[in-house]
Amino acid sequence: MVADGAEQLVLDWLGGQRGAMLELLETLVNTDGGSYDKAGVDAVGVHIRQFLDSQDIASEVTPDGKFGDAISATVGQKTPPFGNRPILLMGHRDTVFPKGEPARRPFRIEGERAYGPGVSDMKAGLVMNCFVLAAIKKFGGAPAPVTALFTGDEEIGSPFSRPVIEHHARGARVVFNSEPGRGPGAAVTGRKGGVFMRLEILGKAAHSGANFEVGISAINELAHKTLALAALSDPPKGITLNVGVVSGGQTVNTVAPWAKAEVDLRFITPADRAATMAKVEAIVAKSYVAGTSAKLEITGEFLPLVETADNKELFEHYGSCLSELGYEPKAIFTGGCADSGFASATGTPTICAVGPVGGRAHSPEEFMEVETLVPRAKALALAILRLR
């Protein structure tokens, strides 16, 4: 299909924005924004709102007292509102890195890659969404209003943002989540769900030499439970249990009166979640060491992005735009979790990882492929403009 007038104007404008996009990306990467650093995440939001304001795009803030505020902006909205449901673009502003990380290793470009905390996960996707919104504001052509949602707590399971995401997704026509791309022509059509849990065990302290026999070791109980939880993993079915953090005990010469663990469950279907959680709860309830007690708390959860027929159809539409730009489309399933699961669970067609291509997220080696920034923006814009 040959690009029409409005499409070509959008594509040409985006083609000339590489420098401006990298400038905004540098600003965002060099701004602290760990999930628990509300002030930092909100500072990233200020930069985004300043850019939107420079493009004559109004934005709204949904505030929270603990986590980063949610920001939304819409272009093409008719007044009074009527007509088609909006097309929703999503992205999160928070990162996994500790405060001060941007100062320790600020944004830089080496060769064909950009580096820095959160450069691909997912500040490049935020930049892309900003510029796609600006292009459609300038030249129009979208078949419906386009809303961009910028949240601030995805890396910890979106405890504040989940209902905000679900509200926007329920009213949307389709959802594009701009997590980092896995290749120039790739997008994610399926993701695992995840449950993050804290396990606490109580035992009884005793002197390990003088009164060993009256002690009840919480650490020993945790060891039994750790092995039992690990045995629930079934990788061929996509089910994994990982005890990722453990702590416990008082002193080396005291029988441990307490122990704690943080547990990660990954699954593909809601049915697998329900079945596995029942087994987890049975392990928690069982005392392998007599006299111990245990408590399990769910601290965060992601819903899976299920590969539905509607999601597949949306990917095929997006893939056709990639093909026109010279890229071979590829649908990917991943074990990582994202906000796209919350959006898809509302019943709205959703695909993920349409952002610029990057890799090694959550590590000091995280990178973004610079020359994918503009093409991925073009692909997203074209997919929006051609929704019918």
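Readers should treat all values here as calculations from the given coordinates under stated rules, not as data from a laboratory. Computed from a predicted structure; not experimentally measured. Every residue, glycine as well, gets a Cβ built from its backbone with ideal geometry; the counts of neighbours run over all protein chains shown.
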Quick check on packing: order 175-185, 290-300 by the mean number of other C-beta atoms within 10 Å, highest mean leading. 175-185, 290-300
Output wanted: per-residue J couplings in Hz (rounded whole) for region 236-249, from phi through Karplus 6.51 cos²θ - 1.76 cosθ + 1.60, θ = phi - 60°, x for Gly and Pro. x, 8, x, 9, 9, 10, 10, 8, x, 9, 9, 7, x, x
Would you check region 35-194 for Lys pairs whose C-alpha atoms are within less than 18 Å, ignoring same-chain pairs closer than 8 in sequence, and give me the count? 7
Could you tell me whether the chain comes out rounded, prolate or oblate from its Cα gyration tensor? Rule is a ≥ b ≥ c as square roots of the eigenvalues, rounded for a/c under 1.5, then prolate if a/b exceeds b/c, otherwise oblate. prolate
Stretch ARG388-SER363 to full length: gain in nm at 0.36 nm per residue minus the Cα-Cα span? 5.0 nm
Simple label model, 7 Å out from Cα along Cβ direction - THR62 to LYS260, nm: 3.0 nm
Subtracting the Cα-Cα distance of ALA285 and ASP12 from 0.36 nm times their residue separation yields 92.1 nm
Cα-Cα P(r), region 193-302, percent of pairs per 5 Å interval: 2, 13, 23, 21, 15, 11, 7, 4, 3, 1, 0
Quick one: which of 186-194, 62-70, 107-115, 247-255 comes out on top by average Cβ neighbours within 10 Å, and what's the full order, highest first? 186-194, 62-70, 107-115, 247-255
Within a Cβ distance under 13 Å of GLY249, other residues only, what is the Lys/Arg minus Asp/Glu net charge? +1
Going through region 264-367, which chymotrypsin sites (Phe, Trp or Tyr not before Pro) have at most 16 other Cβ atoms within 10 Å and a DSSP loop state? TYR288
With +1 on each Lys and Arg Cβ and -1 on each Asp and Glu Cβ, how big is the dipole of region 262-366 about its Cα centre, in debye rounded to the nearest 20? 480 debye
Give me, ordered by chain and number, the residues 5 or more places off SER233 or on other chains with an amide H under 5 Å from its own placed amide H. LEU241
Quick note, region 85-206: a/c under 1.5 would make it rounded; otherwise a/b > b/c is prolate and the rest oblate (a ≥ b ≥ c, C-alpha gyration tensor); here it is oblate
Under a straight-distance cross-link criterion of Cα-Cα below 17 Å, which lysines are reachable from LYS260, leaving out those fewer than 8 residues away in the same chain? LYS204, LYS225, LYS286, LYS295
Cβ-Cβ cut-off under 11 Å around ALA58, Lys and Arg +1, Asp and Glu -1: the net charge is -1
Once both labels are modelled 7 Å past Cα along the beta-carbon direction, what's the GLN55-ALA39 spacing in nm? 3.0 nm
Calculate the FRET efficiency for PHE333 and ASN253 from the Cβ-Cβ distance with a Förster distance of 45 Å, rounded to the nearest 0.05. 0.35
For ALA103 and GLU297 in the same chain, what is the full-extension length gain: residue separation times 0.36 nm, less their Cα-Cα distance, in nm? 66.3 nm
Residues with amide H under 5 Å from that of GLY336, placed H, sequence gap 5 or more: LYS192
